[in-house]
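S.K.: Before anything else, here's the structure in question.
The values are calculated or read from the model by the stated rules, or taken from the named source; none is laboratory data. What you are looking at is a predicted structure, and each value in this text was computed from that prediction instead of being measured. Virtual Cβ from ideal backbone geometry, glycine too; neighbours counted across all protein chains shown.
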Amino acid sequence: MRLLSPTISRLARFRFWKIEQWMNNPLAAQRDVLQDLVTHGQYGEFGRQYGLNKLFSVKDFKNAIPISEYDDLKPFIDKLMHGKSNLLWNTPVNWFAKSSGTTSDKSKFIPITEESLHDCHYQASKDVLTMYYNFFPESDLLTGRGLVVGGSHQISLFNEDVQYGDLSAILLQNAPAWSSWIRTPELSIALLDEWENKLEMLARTTMIENVTSISGVPTWTILLMKRILQISGKKTIKEVWPNLELYIHGGVSFIPYKEQFQQLIGEDIKYIEIYNASEGFFAAQDSPDADGMLLFLQHGIFYEFMPIEEYGSANPKTIGLKDVELGKNYALIISTNGGLWRYMVGDTIYFTSLYPFRIKILGRIKHYINAFGEEVMVDNTDRAIAIASKKMNVVVTDYTVAPVYFSCNNNGCHEWLISFEKDPENLQAFSFELDCALKNINSDYEAKRHKDIALSLPIVRALPKDTFNNWLYSKGKLGGQHKVPRLSNDRKLVEEILEFSKK
């Protein structure tokens, strides 16, 4: 491995010119991507239905094809899962990423083609490594192993040639053989389905490795690090892995977890945020200090941006890169080499810089609270939690929020269910700090809180430490990329978790 690592390191460094090409020519890069998508897509059933072979401009493309959500493409996806081909794309689909962006009982199965696997997910992964080496040329990252805290996969019941699973499991299963020399754990452990057994095997096998980087969802990575410390008797992860230098995170905001990571690790390391969803690898920080993630523009994805006020209209308008504005909220619309056409991902983003184009994730279109006109998004609550936690010297492990509606005698408010690593000494004081932070972050919330006219002080309930993990386990969604929805505009989820916590 030591002989291989310098070679990979040099290759990663030399590739930066390719990234600079599309960074410096973003609009041309996107035109090339769209042309390639239409060229391939015209031969499938979807392409014939919408006349992709007759579309010669972005305007024609947008006029011909409606914006779609998962249910709109589901008839095609169902056929693909039964082994049919040439529907959404012109090459076979043998893998589906089972989306876990929600803990609802229904799952989405996103088609993964050879093109989306290699020209999007793997290409973007290499670009992340290249950007890291460009910023830290003296890094020793590849002298050790990268710990991947991933999910599982299984054979579909529909067709023996069709498999589905977490995106992380699909990427591991199809990775080139040489990647096993720089990755841990071994594939048989990485793809285990049962999380508790997997956690134990992950801890015992990786703690003896020379781990230099970790990638995974923060929640499950924290559980793994805690178990390793229990087994090893060490006080910090840096004592277990002295050469650890990087944590790559995505899927949820890292803001509520960073302090806990720093405590567990014991020393400062570098953190890189990535935006890698089942539908595609969209963006990553090009440096740890970058405000936002660099949008990947030549990775088989054509982007459109829907101003959030257009959501729900009969014929929503979208714009391209040349017309986006800083700080404005957009719903992300994508067409991909996985056969998704003008597909609404469900995430809202905003731009932090133009030329180069960097973005931040604001939240999910359907994960927000606007019961009283307060327009609170996940980004707001994550930041408020971090501020209140720092002021009160507490660590939050997980949370969810929902409205409490008006009654005859009381105003509305927000109810927070929070798991603390250590409960605050004064929960009322924590509620006050949380409320102050959210008012400073969100002016609409502040206006509704003015003199308690519309909204009262939030209710904060401290749940037993393992409540959210146990609730996910009861849903069969413990581990991998599963996560608890942060915000709901109704009380269904909160009531379910409150009832579960009483058991």
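Here's the yes/no breakdown for (1) assigned by TED's automatic domain parsing to the domain that holds Thr219; (2) surrounded by fewer than 21 Cβ atoms within 10 Å (Cβ to Cβ); (3) of a type in the set (Phe, Trp, Tyr):
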site	(1), (2), (3)
Val396	no, no, no
Asp423	no, yes, no
Phe430	no, no, yes
Asp435	no, no, no
Asp444	no, yes, no
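S.K.: Going by what's in this entry, would Phe305 be described as crowded, with 21+ Cβ neighbours inside 10 Å, among the aromatic types (Phe, Trp, Tyr) and either touching a Pro at 6+ places or on another chain (Cβ under 8 Å) or in a strand (DSSP E or B) (or both)?
M.R.: Spelling it out, Phe305 is indeed crowded, with 21+ Cβ neighbours inside 10 Å, among the aromatic types (Phe, Trp, Tyr) and either touching a Pro at 6+ places or on another chain (Cβ under 8 Å) or in a strand (DSSP E or B) (or both).
S.K.: Could you pull out the residue among Leu463, Leu455, Leu472 that is assigned by TED's automatic domain parsing to the domain that holds Val378, more than 20 Å from Glu499 (Cβ to Cβ) and either surrounded by 17 or more Cβ atoms within 10 Å (Cβ to Cβ) or touching a strand residue (DSSP E or B) at 6+ places or on another chain (Cβ under 6 Å) (or both)? Spell out how you get there, then give the answer.
M.R.: Numbers: Leu463 fails: more than 20 Å from Glu499 (Cβ to Cβ); Leu472 fails: more than 20 Å from Glu499 (Cβ to Cβ).
Exactly one residue qualifies, and that residue is Leu455.
S.K.: Can you tell me how many residues in region 238-258 are aliphatic (A, V, I, L, M) and in contact with an Asp or Glu (Cβ under 9 Å, 6 or more places away or on another chain)?
M.R.: Residues that pass the stated criteria total 4.
S.K.: Regarding region 106-113, can at least one residue be identified that is of a type in the set (D, E, K, R), modelled with pLDDT under 90 and outside the structural domain of Leu187 (by TED's automatic domain parsing)?
M.R.: Step one: filter region 106-113 for residues of a type in the set (D, E, K, R), giving 106, 108.
From the residues that got through so far, the ones that are modelled with pLDDT under 90 too are 106, 108.
After this cut, where a residue has to be outside the structural domain of Leu187 (by TED's automatic domain parsing) as well, the list is 106, 108.
Yes, region 106-113 has at least one match.
S.K.: A further question on this structure: Condition first: touching a Phe, Trp or Tyr at 6+ places or on another chain (Cβ under 7 Å) and modelled with pLDDT under 90. Can you find one or more residues in region 406-426 that meet it?
M.R.: Yes: one or more hits.
S.K.: Is it fair to say Ser168 is in a helix (DSSP H, G or I), among the small types (Gly, Ala, Ser) and surrounded by fewer than 21 Cβ atoms within 10 Å (Cβ to Cβ)?
M.R.: Answer is no for this residue.
S.K.: Same structure, new question: Regarding region 373-389, can at least one residue be identified that is surrounded by fewer than 21 Cβ atoms within 10 Å (Cβ to Cβ), assigned to a loop (DSSP other than H, G, I, E, B) and either modelled with pLDDT of 95 or more or not small (Gly, Ala, Ser) (or both)?
M.R.: yes
S.K.: Just checking, does region 220-233 include any residue being assigned to a loop (DSSP other than H, G, I, E, B), over 18 Å from Ile269 (Cβ atoms) and without any contact (Cβ under 8 Å) to a residue 12 or more places away in the chain?
M.R.: Looking through region 220-233, at least one residue is assigned to a loop (DSSP other than H, G, I, E, B), over 18 Å from Ile269 (Cβ atoms) and without any contact (Cβ under 8 Å) to a residue 12 or more places away in the chain.
S.K.: Tell me yes or no: at least one residue of region 384-395 is of a type in the set (Lys, Arg) and more than 30 Å from Lys503 (Cα to Cα).
M.R.: There is at least one residue in region 384-395 that is of a type in the set (Lys, Arg) and more than 30 Å from Lys503 (Cα to Cα).
S.K.: Of a type outside the set (Phe, Trp, Tyr), without any contact (Cβ under 8 Å) to a residue 60 or more places away in the chain, crowded, with 19+ Cβ neighbours inside 10 Å and part of a helix (DSSP H, G or I), is that true of Ala203?
M.R.: yes
S.K.: So, restricting to helices (runs of 4 or more DSSP H) that lie completely within region 21-72, which ones have at least 1 residues that are closer than 22 Å to Asp347 by Cβ?
M.R.: 26-41, 58-64
S.K.: Go through region 318-356 residue by residue and tally those that are basic (Lys, Arg), modelled with pLDDT under 95 and within 22 Å of Tyr70 (Cα to Cα).
M.R.: 0
S.K.: Could you tell me whether Glu186 is more than 24 Å from Lys126 (Cα to Cα), surrounded by fewer than 22 Cβ atoms within 10 Å (Cβ to Cβ) and at pLDDT 85 or above?
M.R.: no
S.K.: Got at least one residue in region 211-219 being touching an Asp or Glu at 6+ places or on another chain (Cβ under 6 Å) and of a type outside the set (Asp, Glu)?
M.R.: There is at least one residue in region 211-219 that is touching an Asp or Glu at 6+ places or on another chain (Cβ under 6 Å) and of a type outside the set (Asp, Glu).
S.K.: I'm trying to understand the selection: among the residues of region 406-418, which are surrounded by fewer than 21 Cβ atoms within 10 Å (Cβ to Cβ) and either out of contact with any strand residue (DSSP E or B) (no Cβ under 7 Å at 6 or more places or on another chain) or touching a residue at least 40 places away in the same chain (Cβ under 8 Å) (or both)?
M.R.: Ser407, Cys408, Asn409, Asn410, Asn411, Gly412, Glu415 - these are the residues of region 406-418 that are surrounded by fewer than 21 Cβ atoms within 10 Å (Cβ to Cβ) and either out of contact with any strand residue (DSSP E or B) (no Cβ under 7 Å at 6 or more places or on another chain) or touching a residue at least 40 places away in the same chain (Cβ under 8 Å) (or both).
S.K.: Next question. Kindly check whether there is at least one residue in region 475-495 that is under 19 Å from Asp423 (Cα atoms) and either surrounded by 14 or more Cβ atoms within 10 Å (Cβ to Cβ) or in contact with a Pro (Cβ under 6 Å, 6 or more places away or on another chain) (or both).
M.R.: no
S.K.: Something else now. Name the residue that is farthest from Arg383 (Cα to Cα), counting only residues in region 229-251 that are surrounded by fewer than 20 Cβ atoms within 10 Å (Cβ to Cβ) and among the hydrophobic types (A, V, I, L, M, F, W, C).
M.R.: Ile231
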